[in-house]
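First up is the structure itself, then whatever we jot down about it.
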Amino acid sequence: MPLSHRSTLTQFLIEERRRFPGASGDFNALILDVAIACKAIARAVALGELGGAMGKHAEEEGGSINVQGETQQKLDVLSNEVFIRRTEWAGNLAGMASEEMEQPYQIPGQYPRGKYLLVFDPLDGSSNIDVNVSVGSIFSVLRVQPEVQDSGRDVTEADFLQPGHRQVAAGYALYGPTTMLVLTVGDGVNGFTLDPNLGEFMLTHPRMRIPTDTQEFAINASNSRFWEAPVKRYVDECLAGRTGPRGKDFNTRWIASMVAEAHRILLRGGVFLYPRDSKDPSKPGRLRLLYEANPVGFIMEQAGGRASTGHTPMLEVQPSALHQRIGLVFGSKNEVERIERYHAEPVRVELDNPLFAERSLFRATAGALM
């Protein structure tokens with residue numbers, strides 16, 4: 001499509017707003033502020049060492065630790081600050097929550113408060129920054145309860161504990177060879193590419209759809225000894241390839257950057273698994289529900305894919321804590337449904353008894369053949 005015929009993000013949002021004549025415009029303004037934040041982060045990531053924001057954050061260069069127990073990179077902290085400063089002032093938000101902050105962020109008293117909540121992972125995949133692998137930002141928009149807006153009280157953790165199906169919008173920015181913003185406002189998924197000459201996100205990937213079938217899967221195989229039986233069964237069948245029960249060969253992919261994994265799946269299909277396992281019984285999964293699993297799950301469902309815990313549709317999960325962790329499987333619908341089916345089936349018991357064989361009750365012995 002010629003550049004002159006492409007919609008900007010602003011034009012796209014205005015056209016979407018026209019479907020709701022009573023809309024105030026606050027939502028559009030919020031999304032555009034998020035887009036500006038993503039542009040600023042993209043610039044910082046692109047500068048790399050030249051920008052002076054590489055490496056671990058503070059604590060004598062050993063790195064400070066965030067609420068997740070993870071070492072913060074300088075760009076984690078910078079990106080979190082950019083999100084806050086670009087969105088707190090406009091009167092669209094009642095509060096925010098982030099992977100990098102233990103408690104909800106209150107809108108400063110000098111700014112008006114709005115009717116939306118913003119939750120975000122300011123820089124997903126930041127452990128890959130030093131090796132120049134694609135990273136990104138993930139965000140989700142929720143409505144605050146009317147009584148919060150009416151009373152003007154500070155938001156609490158409970159205000160954010162909404163199931164994924166109540167998201168108003170979700171998206172991610174991908175900082176790779178090009179910077180992209182992928183967005184759903186509950187009416188499909190659209191991708192926008194940042195034109196560095198214009199400084200605008202241009203619609204380049206309208207109505208993104210995930211193929212229902214795939215021959216690619218992504219999982220961290222180093223955790224295989226901790227997987228639950230249904231996950232191990234699924235991966236073993238994929239690895240068996242054409243001669244196995246699936247009757248086709250699969251490719252494996254693992255980038256260790258969920259935004260990059262989600263983007264690949266949106267463009268060509270696939271399935272991503274970061275399931276619950278027994279590695280750390282105190283953590284029912286690795287990924288965070290509110291600002292990773294829910295927004296990515298919303299995008300996947302809006303693009304014709306599926307997102308699940310393996311047991312339950314992701315968007316139906318009722319959050320219980322701001323930084324709640326959860327297992328996540330998403331991607332091509334038929335594959336995710338297969339994994340769910342394996343979890344629902346009774347566990348198969350594999351008998352490993354030398355007295356039994358496939359064709360007869362007892363194995364033949366040397367004495368029996370004489």
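The values are calculated or read from the model by the stated rules, or taken from the named source; none is laboratory data. It should be emphasised that the depicted structure is a prediction, and the values quoted were computed from it without experimental measurement. Cβ placement follows ideal geometry from the backbone for every residue including glycine, while neighbour counts extend to all protein chains displayed. The accessibility values were calculated without ligands, DNA or RNA, using every heavy atom of the protein model including side chains. Shrake-Rupley method; radii C 1.70, N 1.55, O 1.52, S 1.80 Å.
Looking across the stretch 195-204, the residues that are surrounded by 14 or more Cβ atoms within 10 Å (Cβ to Cβ) and not acidic (Asp, Glu) come down to Phe201, Met202, Leu203, Thr204. Within the stretch 170-189, residues that are over 10 Å from Phe298 (Cα atoms) and among the charged types (D, E, K, R) sit with their Cβ atoms under 9 Å from residues that are surrounded by fewer than 24 Cβ atoms within 10 Å (Cβ to Cβ) and modelled with pLDDT of 95 or more, at 6+ positions apart or across chains, in these pairs: Asp187/Gln302.
Taken over the stretch 173-194, the criterion of being in contact with a Phe, Trp or Tyr (Cβ under 6 Å, 6 or more places away or on another chain), more than 17 Å from Phe120 (Cβ to Cβ) and open to solvent by less than 20 Å² (accessible area, probe 1.4 Å) is satisfied by Phe192 alone. So which residues in the stretch 153-178 are of a type in the set (Gly, Ala, Ser) and out of contact with any strand residue (DSSP E or B) (no Cβ under 9 Å at 6 or more places or on another chain)? Within the stretch 153-178, Ala158 is the sole residue that qualifies. Residues of the stretch 17-32 that are more than 18 Å from Asn190 (Cβ to Cβ) and part of a helix (DSSP H, G or I): Asp26, Ala29.
Yes/no per residue for (1) under 30 Å from Gly48 (Cα atoms); (2) charged (D, E, K, R):
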residue: Glu147; (1), (2): no, yes
residue: Ser151; (1), (2): no, no
residue: Asp159; (1), (2): no, yes
residue: Gly164; (1), (2): no, no
residue: Gly171; (1), (2): yes, no
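Only one entry in His5, His57 is crowded, with 19+ Cβ neighbours inside 10 Å and at pLDDT below 80, namely His57. All told, Arg209 meets the bar of being more than 30 Å from Pro104 (Cα to Cα) and outside any strand (DSSP E or B). When the test is whether a residue is in contact (Cβ under 8 Å) with a residue 60 or more places away in the chain and among the small types (Gly, Ala, Ser), Ala293 passes it.
Tell me whether the stretch 304-315 contains one or more residues that are part of a strand (DSSP E or B), open to solvent by 10 Å² or more (accessible area, probe 1.4 Å) and under 24 Å from Cys238 (Cβ atoms). Scanning the stretch 304-315 turns up at least one residue that is part of a strand (DSSP E or B), open to solvent by 10 Å² or more (accessible area, probe 1.4 Å) and under 24 Å from Cys238 (Cβ atoms). Kindly indicate the residue of the stretch 242-260 that is within 16 Å of Asp213 (Cβ to Cβ) and outside any loop (DSSP other than H, G, I, E, B) and also most open to solvent (accessible area, probe 1.4 Å) among those meeting that condition. Going through the qualifying residues, I end up with Arg242.
Of the set (1) without any contact (Cβ under 8 Å) to a residue 60 or more places away in the chain; (2) closer than 29 Å to Ala42 by Cβ, all apply to Asp154 but (2).
So that you can scan it fast, the table gives a plain yes or no per residue for (1) free of Cβ contacts under 8 Å to residues at least 40 places away in the same chain; (2) within 19 Å of Tyr342 (Cα to Cα):
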residue	(1), (2)
Ser222	yes, no
Phe226	no, yes
Cys238	yes, yes
Arg242	yes, no
Ala256	no, no
Ala260	no, no
Leu266	no, no
Phe272	no, yes
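Here is a list of conditions, (1) at pLDDT below 90; (2) among the hydrophobic types (A, V, I, L, M, F, W, C); (3) open to solvent by 60 Å² or more (accessible area, probe 1.4 Å); (4) over 23 Å from Phe120 (Cα atoms), and Leu47 meets all of them except one; can you say which number that is? The single condition Leu47 does not satisfy is (4). Only one of the numbered conditions (1) closer than 26 Å to Ala23 by Cβ; (2) touching a Ser or Thr at 6+ places or on another chain (Cβ under 7 Å); (3) not charged (D, E, K, R) is violated by Pro146, and that is (2). Quick check: is even one residue across the stretch 205-218 surrounded by fewer than 15 Cβ atoms within 10 Å (Cβ to Cβ) and of a type in the set (Gly, Ala, Ser)? So far as the stretch 205-218 goes, no, none of its residues is surrounded by fewer than 15 Cβ atoms within 10 Å (Cβ to Cβ) and of a type in the set (Gly, Ala, Ser).
Condition first: in a loop (DSSP other than H, G, I, E, B) and either open to solvent by less than 20 Å² (accessible area, probe 1.4 Å) or among the acidic types (Asp, Glu) (or both). Now tell me which residues in the stretch 219-235 satisfy that. Selection gives Glu228 alone.
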